[in-house]
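Asker: Just passing along the structure, written as structure tokens.
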């Protein structure tokens, strides 16, 4: 076999090895950074790619459509099988109904199709009871899993792309680079199609970069990523591209219950607690000498429009359900994986004392709630959950371990 690049060769060899060792622990989970599932691009276009597993021509017969929203936030790295199954069930899909699961992304290929549709990833040949590391969507009733690679505004405005997304019963935003989503999808027909789907209670979720664009306020990474040290040392440094609504443009995609929130992934693995706190600080409006320029939310404890931040460890997900104002959530994760398992809920009790360009952040009284079990909790009101208090003083997170 001939390869066009070393990377293509390496990818082929790795995939071959995994298929041969499907029962081994190496293939216990499917990664969120999937590159290719080996499918065929059937779009017939050069502006976007479209991959189908199953029967996309079947019209699903879902008798009980969801009556309230469902959102999955996932912290990156290997995917959490249970979260995908939950979305399919929440969509009203049954063993005989059929249903369309649509993945959207700006780069890469169709690697999710095999993982979501079949029951024996990565071999991808059976549709019976799902094995660990597979979703088993066909067994749950999905008639198709479809991936759209949408790399430009031209593609995001394409009528066929929006038709496919608009008829989805579940929508998943893959990982990658959230800057691609902002640059290529914001202000397009696709943005409107996604908003309409959310208003119809179509379950929507995302992992890593795909999760980062689901709240009203987003770290868009338009000038690259930022470390905790950089963020704490200067909340307005050039990498801190916090995107939200403005007078001229509404927020990008806003999942229910996330209209006062910002999120971050890979929190433990990449030591991102400091930058998550700084992201949240940037949302808090100026009142006298406190707060941050450009902030619009309250920094007071218990305020109805108080800022929030949510951080997830790798291989960890929050399953959020119900209408905004009366939502519940549950944490799920891949058990036994080092670095996975925790969800962090952050709230301020007071506005930042120092939040200025070129100056280190000082913000005291940050409530941090760490969720490590699978019990449902009130996602609309965190006040009943136990917390630890953290302080940031002169750009240093003091006396706090998470």
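The values are calculated or read from the model by the stated rules, or taken from the named source; none is laboratory data. Treat the numbers as computed from the prediction; the structure is a model and nothing was measured. Don't worry about glycine lacking a Cβ; one is built from the backbone with ideal geometry, like all the others, and counts go over all protein chains shown.
Asker: Would you check if residue 352 is assigned to a loop (DSSP other than H, G, I, E, B), in contact (Cβ under 8 Å) with a residue 40 or more places away in the chain and in contact with a helix residue (DSSP H, G or I) (Cβ under 6 Å, 6 or more places away or on another chain)?
Answerer: Taking the combined requirement at face value, the residue satisfies it.
Asker: Among (1) surrounded by fewer than 22 Cβ atoms within 10 Å (Cβ to Cβ); (2) touching a helix residue (DSSP H, G or I) at 6+ places or on another chain (Cβ under 8 Å); (3) part of a helix (DSSP H, G or I), which single condition is residue 82 missing?
Answerer: Answer for residue 82: the failing condition is (2).
Asker: Applying the selection to segment 87-123, what residues are part of a helix (DSSP H, G or I) and either touching a helix residue (DSSP H, G or I) at 6+ places or on another chain (Cβ under 9 Å) or within 20 Å of residue 40 (Cβ to Cβ) (or both)?
Answerer: 88, 89, 111, 112, 113, 114, 115, 116, 117
Asker: If you don't mind, another one. How about segment 82-110: which of its residues are over 15 Å from the mean Cα position of the chain (by Cα) and under 30 Å from residue 153 (Cα atoms)?
Answerer: Passing the criteria: 88, 91, 99, 100, 101, 107, 108, 109, 110.
Asker: Report yes if some residue within segment 369-386 is on the phi < 0 side of the Ramachandran plot, assigned by TED's automatic domain parsing to the domain that holds residue 258, in contact (Cβ under 8 Å) with a residue 60 or more places away in the chain and part of a strand (DSSP E or B); otherwise report no.
Answerer: No, segment 369-386 contains no residue that is on the phi < 0 side of the Ramachandran plot, assigned by TED's automatic domain parsing to the domain that holds residue 258, in contact (Cβ under 8 Å) with a residue 60 or more places away in the chain and part of a strand (DSSP E or B).
Asker: Could you tell me which of the residues 75, 111 is touching a strand residue (DSSP E or B) at 6+ places or on another chain (Cβ under 9 Å) and modelled with pLDDT under 95?
Answerer: Of 75, 111, the one residue that is touching a strand residue (DSSP E or B) at 6+ places or on another chain (Cβ under 9 Å) and modelled with pLDDT under 95 is 111.
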